[in-house]
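Comments concern the structure below.
The values are calculated or read from the model by the stated rules, or taken from the named source; none is laboratory data. Bear in mind the structure is a predicted one, so any value in this text is a computation, not a measurement. Because the Cβ atoms are built from the backbone with ideal geometry, glycine has one as well, and the counts that use them run over all protein chains shown.
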Amino acid sequence: MNKKVLTVFEYLNILFMGAMLIISVTGTYHHIAWYKVSFVSAIWFGCFLLAFFVLKKCEAVLSKHKSLVLVLYLLLLFTVLIISSLICANPPTSDYGELYESSLGLISGGDVRWSYFAMFKNNYLLLLLLALIRLPAYWIGFDGFYMIVVVSALCVTLTALLVFKILEHFNLPVYICFLSLVVYALFLPLYGCTYAFYSDQATILFTVLPFYLVTSANDNKKGWWAVTKCILAGLFTCMAYWLKATAIIPMIAFLIVFMLTSLNRENARRLPIVIVAFVCFMIGFEFIWRASPSSRMEDSHMPLVHWIAIGSHGNGGFEENSDYAYIALATPTIEAKKDFALSYIKSNLSEMFSRAHILRKARHNFAAGFMGLSTYIYEEDSPAFPFLSAYGAYGGYTMMIATGMYYLLLLFNIVGSVISVIRRKTDSTTVLGMTARLALFGLFVFLMFWEANNRQLYNHIPWLVITGMVTFSQLFAKEKTA
């Protein structure tokens, strides 16, 4: 029965993700022709193959000096991220601007716009994190900008390490693990916005960290360390939920795959610890929220249905629903906000399920590999603008290069499902692939009902890399089973 359920999911993944890929390729941002971006994807595939065979030839050296090579890579990545962040940094704007200014106000005793955090509760924890990051710098007379850059770059760097460790834990060859680092680094244009620490950047680490902690809990002989890992997994899952709810989708995917495969019964004793820790930390964070001035502004809270309402019209993005959004923000009570959102959905109900809306929303969500970079690289006199903004002189070329690789990883995701249906195995590599595919499937389905924003894909870059590497391994490397 369980295998049948997994097979049904794989077929759904092939159909749904295949449809999303076709829709995206035929309507890529800035009207990039399908054959151009497809040609770029083919070039990337050739580059991946070349890197694969080179790394495979060096397998003995990589195995012998694995730790040294890994440390050198991480140091180089961290350094490049710091430099690129300092070059690319634009003044904080939009929601991140609110957080940046309010976090400084919080530690300096200045103004904090509590009404903003009353409306967007998820950003309150991020406010506290930013204030905590900036506090040491403020004590010695700085505003903390450089501390934010360091922490954000560190999160991206540690995520690379976790992608490597996850693939290694699930018994993929060492050259595939190092190939994942190459692919991860190739998303570097997207890390031009690393200088910002909004919810997408803040949760890129948390999409993989809880999963790694739980799956590696049994690696240690000391039982207390395994329990500690599970408690930390609960903490970081809770933080992910508060910062960006979509960041917990990979953990939900893992729980589903685990229940259907039961590959490692030892994990069954660990998962209740994770769940209990998650609930306890959720209660703790709720108390922290209740202590804030924002929590007392109950009529300012934005109901969840508000985000569904934004996604119900046009391309599902904020710009095409800004009239509704501004009226909703100004509506005096939370009940009135709910009623207004529901009435907006009702008026757009026939459109929500129309072919035109689905096509436009899918393309607004998924038809670009920039993943919201232009939100942070927007000043025309910035040295990064010509290259990293979709509206820059060379931004179209950069977008085509980034999008071609992103589409290739989506194709690998679909091919992974095809392999799973054909081979019908539940070894460790297959389970990791299923988890990665289900995580991406869950995110894509969710965004088709939520506010559309290409930036929402940013924190799932690690899972794009993982799904690509698992499929690549299954296609070209000798299989190793746990």
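Has the range 146-159 got any residue that is assigned to a loop (DSSP other than H, G, I, E, B) and not aliphatic (A, V, I, L, M)? Scanning the range 146-159 turns up no residue that is assigned to a loop (DSSP other than H, G, I, E, B) and not aliphatic (A, V, I, L, M).
Within the range 45-61, residues that are within 15 Å of Gly468 (Cα to Cα) have Cβ atoms under 6 Å from residues that are β-branched (Val, Ile, Thr) in these pairs: Ala51/Val182, counting only partners at least 6 apart in sequence or on another chain.
Within the range 377-398, can you find the residues that are within 11 Å of Leu190 (Cβ to Cβ) and either touching a Ser or Thr at 6+ places or on another chain (Cβ under 8 Å) or surrounded by fewer than 19 Cβ atoms within 10 Å (Cβ to Cβ) (or both)? Residues satisfying the conditions are Ile377, Leu388. If you go through the range 215-228 one residue at a time, do you hit one that is in contact with an Asp or Glu (Cβ under 7 Å, 6 or more places away or on another chain) and outside any helix (DSSP H, G or I)? Among the residues of the range 215-228, not one is in contact with an Asp or Glu (Cβ under 7 Å, 6 or more places away or on another chain) and outside any helix (DSSP H, G or I), which makes the answer no.
As an exercise: evaluate Ala436 against (1) of a type outside the set (Phe, Trp, Tyr); (2) within 18 Å of the chain's Cα centre (by Cα); (3) over 21 Å from Leu49 (Cβ atoms); (4) buried (at least 24 other Cβ atoms within 10 Å of the Cβ) and give the number of the one condition it does not meet. Against the list (1) of a type outside the set (Phe, Trp, Tyr); (2) within 18 Å of the chain's Cα centre (by Cα); (3) over 21 Å from Leu49 (Cβ atoms); (4) buried (at least 24 other Cβ atoms within 10 Å of the Cβ), Ala436 comes up short only on (3).
For the range 196-211, a tally of residues being of a type in the set (S, T, N, Q) and part of a helix (DSSP H, G or I) returns 2. Taking the criterion of being under 25 Å from Leu128 (Cα atoms) and either in contact (Cβ under 8 Å) with a residue 12 or more places away in the chain or β-branched (Val, Ile, Thr) (or both), the residues of the range 297-309 that qualify are Met297, Glu298, Asp299, Ser300, His301, Met302, Pro303, His306, Trp307.
Residues in the range 251-271 that are modelled with pLDDT of 85 or more and over 17 Å from Thr429 (Cβ atoms): Met251, Ile252, Leu255, Ile256. Scan Ile283, Ile288 and give me the residue that is touching a residue at least 12 places away in the same chain (Cβ under 8 Å) and either assigned to a loop (DSSP other than H, G, I, E, B) or not small (Gly, Ala, Ser) (or both). It is Ile288. Close Cβ contacts (under 6 Å, 6 or more residues apart or on different chains) running from residues in the range 310-333 that are surrounded by 14 or more Cβ atoms within 10 Å (Cβ to Cβ) to residues that are assigned to a helix (DSSP H, G or I) and among the hydroxyl-bearing types (Ser, Thr, Tyr) comprise Tyr324/Tyr344.
Ser417 meets the stated requirement of being surrounded by 21 or more Cβ atoms within 10 Å (Cβ to Cβ), within 27 Å of Thr26 (Cβ to Cβ) and of a type in the set (Ser, Thr, Tyr).
Taking Lys165 as the residue in question, decide whether it is closer than 19 Å to Tyr73 by Cα, surrounded by fewer than 22 Cβ atoms within 10 Å (Cβ to Cβ) and of a type in the set (D, E, K, R). So Lys165 passes the test. The number of residues in the range 174-195 being surrounded by fewer than 23 Cβ atoms within 10 Å (Cβ to Cβ) and either free of Cβ contacts under 8 Å to residues at least 12 places away in the same chain or assigned to a loop (DSSP other than H, G, I, E, B) (or both) comes to 1. Taking the options Phe254, Phe285, name whichever one is under 24 Å from the mean Cα position of the chain (by Cα), of a type in the set (Phe, Trp, Tyr) and within 30 Å of Thr375 (Cα to Cα). The unique qualifying residue is Phe285. In the set (1) in contact with a Cys (Cβ under 8 Å, 6 or more places away or on another chain); (2) without any contact (Cβ under 8 Å) to a residue 24 or more places away in the chain, the condition left unmet by Val71 is number (1). Only helices (runs of 4 or more DSSP H) whose full extent lies in the range 368-482 are considered here, and the ones with at least 1 residues that are among the aliphatic types (A, V, I, L, M) and in contact with a Lys or Arg (Cβ under 8 Å, 6 or more places away or on another chain) are 395-423. Number of residues in the range 439-472 that are within 19 Å of Ala247 (Cα to Cα) and more than 17 Å from the chain's Cα centre (by Cα): the value is 1. Applying the selection to the range 125-149, what residues are more than 26 Å from Ser292 (Cα to Cα) and crowded, with 16+ Cβ neighbours inside 10 Å? Correct list: Val149 only. How many residues are small (Gly, Ala, Ser) and over 22 Å from Ile133 (Cα atoms) if we restrict to the range 199-233? Going through the range 199-233 one residue at a time, the tally reaches 4.
Summed over the range 102-125, the residues that are within 20 Å of Trp242 (Cα to Cα) and in a helix (DSSP H, G or I) give a count of 13. Residues that are among the β-branched types (Val, Ile, Thr) and crowded, with 20+ Cβ neighbours inside 10 Å within the range 17-64 comprise Val25, Thr28, Ile32, Val37, Val40, listed in sequence order.
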